[in-house]
Amino acid sequence: MFPAAVCATPNSITFPETSPDTVTIPAPTAHGDANSSTDAERVNATRPTRIHFTAGKPHQLFDELQPKSEFVVAAHQDCASPRAYTGETERNPGDDHTVTEQSLSGVHPADATGAAAAAAANISEPFDDATVRILSPEGTINATAASEPYLDRIRQAPDELWQTAFRNMTLARAFDREGTNLQRQGQLALYVPAEGQEGAQVGSALAARPQDTLFPSYREHAVGLTRGLDLVNVLALLRGCTNAGWDPATTQGFRNYVLVIASQTLHATGYAMGQRFDGNVGTGDLERDEATIVYFGDGATSQGDCNEALVFAKSFATPQVFFLQNNQWAISVPVRMQSPVPLYRRAHGFGMPGVQIDGNDVMASFAVTGHYLDEARAGNGPAFIEALTYRIGPHTTSDDPTKYRQREEEAFWRARCPIARLEAYLRAQGEDAAFFDDLQVEAADFAADLRRRTLALPEPQPLDMFAHAYATPNATIDQQRAEFVEFENSFQNDTTSGGQA
Ligand SMILES: Cc1ncc(C[n+]2csc(CCOP(=O)(O)OP(=O)(O)O)c2C)c(N)n1
Ligand SMILES: [Mg+2]
């Protein structure tokens, strides 16, 4: 999916004033659906092309920010953006290098207008009577009947919990903006936005105990943040400075990102089987009993790995929560293509509880995840939570969702921002205005600090990826390294399809 490099399938990538060369990579033939491209295009698209990012020139604003980072750019069938690297057309207010002018929560007036358009387009919420919803989009407690079994957890939650939730969500949103900006300025190979999914992520992460283990995919920045992950680790990964991630011992069991869709569901089930075999389940000792959460997407539910993980989890009664973030899109594939029934109902076929929550409701996420984590630790086996949310941004910064979905739909979900509703709730509870103001300042500092530390990271060393694949010498890796070196050297005199672009 995300190679060690940038994904791009533009018609042409041009940096007019930075180099005389133009890099041309075949474009997908229809709406970014690379599956519909011809074999020849696909073969061509797999040829990586080197681009020297010296993007300062077209955008004077970035002159002082933009050093000469260098990435290998590999065209890849995932990527559908003809505009991602084409210069001015990519500039928008969100690309600014500071977040201080942007509110990190709340509905922008433009979004409110969009919500009206969404209403006109007859877009409605996809929930049903079985959906657990507690905090309404307006920020009032308006619990559905399906929420009843979980409400005690909200009644018993201290007020500070929601302040913490709001803070983490706000910082995660600031991280998202900064990550996108850094990528647009050529400082990251790729960024993976999580805007809109903060409620699902922070609520579930806050429900976990320190001894629990959390397996993410690649979009769970807010979960990592909540577990204490220094998010510069994510940026280092996306800048190509590291090939793995971080030490889970320092992140309260928050494991490394994976890019192979659904692979983490198997890792999690295997790990949770181990938790059971080790006897750390059902002892009644709150400090000892452990559980595992695995995060995955709607697209991942179509993978064999995910279904195998569910079978093994049930067979071995693993202490596990399968936390599906149904953001309604698997790149350009809508969830309705993946399943004719709500995804939470699939869990019933595996013989485990399956519950749908409003994924933009941090309270529902906290309460339901807490319930099933307790069940898991008590030895009552796995459960499946579908957090029905929405991916507000592109799949990655290499994607262009305007090619495949309606703006009205985006506006509809933007108006259901998980952060805005918690802010409304907190304000109605009498939270001091200073709390929100201070948090905006903290978020700006947080983002600026991450930017500073990202720019100070050592230059990526491409050959490092071969160094740590195996502990002992390996003939295949040696051969791949030699091929890579030859490939790199081929650029030295190449002015046609690579070189400076
Ligand atoms: C095994 C595998 N198949 C295909 C891909 C390409 N791919 C990358 S992201 C993605 C969509 C994943 O969608 P979803 O599971 O809904 O997660 P989201 O990105 O929406 O968070 C696909 C198919 C991959 N990375 N790994
Ligand atoms: Mg998805």
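The values are calculated or read from the model by the stated rules, or taken from the named source; none is laboratory data. Please read all numbers here as calculations on a predicted model, not as lab measurements. Glycine gets a Cβ as well: all are built from the backbone with ideal geometry, and neighbour counts include every protein chain shown.
For the reader, a short list of remarks on this structure follows.
- Scan the range 397-412 for residues that are of a type in the set (S, T, N, Q), out of contact with any Cys (no Cβ under 7 Å at 6 or more places or on another chain) and touching a residue at least 60 places away in the same chain (Cβ under 8 Å) and the total you get is 2.
- Candidates are the residues of the range 324-344 that are of a type in the set (S, T, N, Q) and under 19 Å from the mean Cα position of the chain (by Cα); the one that is farthest from ligand 2 (Cβ to nearest atom) is S332.
- Restricting F484, F412, F466, F436 to residues that are of a type in the set (F, W, Y), within 22 Å of the chain's Cα centre (by Cα) and more than 16 Å from ligand 2 (Cβ to nearest atom) narrows the list to F412.
- Selection status of L463, in contact (Cβ under 8 Å) with a residue 60 or more places away in the chain, within 14 Å of G240 (Cα to Cα) and of a type in the set (A, V, I, L, M): no
- Search result, residues across the range 271-281 that are assigned to a loop (DSSP other than H, G, I, E, B) and either under 23 Å from L188 (Cα atoms) or not polar (S, T, N, Q) (or both): D278, G279, V281
- Considering residues of the range 282-305 that are of a type in the set (A, V, I, L, M) and part of a loop (DSSP other than H, G, I, E, B) only, the residue nearest to ligand 1 (Cβ to nearest atom): A291
- Within the range 280-308, tally of residues that are closer than 18 Å to Q338 by Cα and away from ligand 2 (no atom under 15 Å from the Cβ): 4
- Residue identified as of a type in the set (G, A, S), in contact with a helix residue (DSSP H, G or I) (Cβ under 6 Å, 6 or more places away or on another chain), more than 17 Å from R177 (Cα to Cα) and touching a residue at least 24 places away in the same chain (Cβ under 8 Å) among A428, A415: A415
- The residues in the range 473-499 that are of a type in the set (S, T, Y) and modelled with pLDDT of 95 or more can be counted, and the count is 1.
Quick grid of which residues meet (1) free of Cβ contacts under 8 Å to residues at least 40 places away in the same chain; (2) touching a strand residue (DSSP E or B) at 6+ places or on another chain (Cβ under 9 Å):
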| position | (1), (2) |
| --- | --- |
| A165 | no, no |
| A174 | no, no |
| Q197 | no, yes |
| A200 | no, yes |
| Y218 | no, no |
| A222 | no, no |
| G228 | yes, yes |
| L238 | no, no |
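- Residue match in the range 375-382 (condition: within 26 Å of S124 (Cα to Cα) and not aliphatic (A, V, I, L, M)): no
- A single member of R173, R155 is among the basic types (K, R), within 23 Å of A428 (Cβ to Cβ), touching an Asp or Glu at 6+ places or on another chain (Cβ under 8 Å) and part of a helix (DSSP H, G or I), and it is R173.
Residues are listed down the side, and each one gets a yes or a no for (1) polar (S, T, N, Q); (2) over 16 Å from the mean Cα position of the chain (by Cα):
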position	(1), (2)
Q264	yes, no
L286	no, yes
A309	no, yes
G349	no, yes
V355	no, yes
G359	no, no
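- Every pair of residues 6+ apart whose Cβ atoms lie under 6 Å, when the first sits in the range 306-334 and is closer than 16 Å to P353 by Cβ while the second is charged (D, E, K, R) and within 15 Å of ligand 2 (Cβ to nearest atom): L324/E386
- Counted residues, the range 332-386 - those being among the basic types (K, R) and under 18 Å from L310 (Cβ atoms): 2
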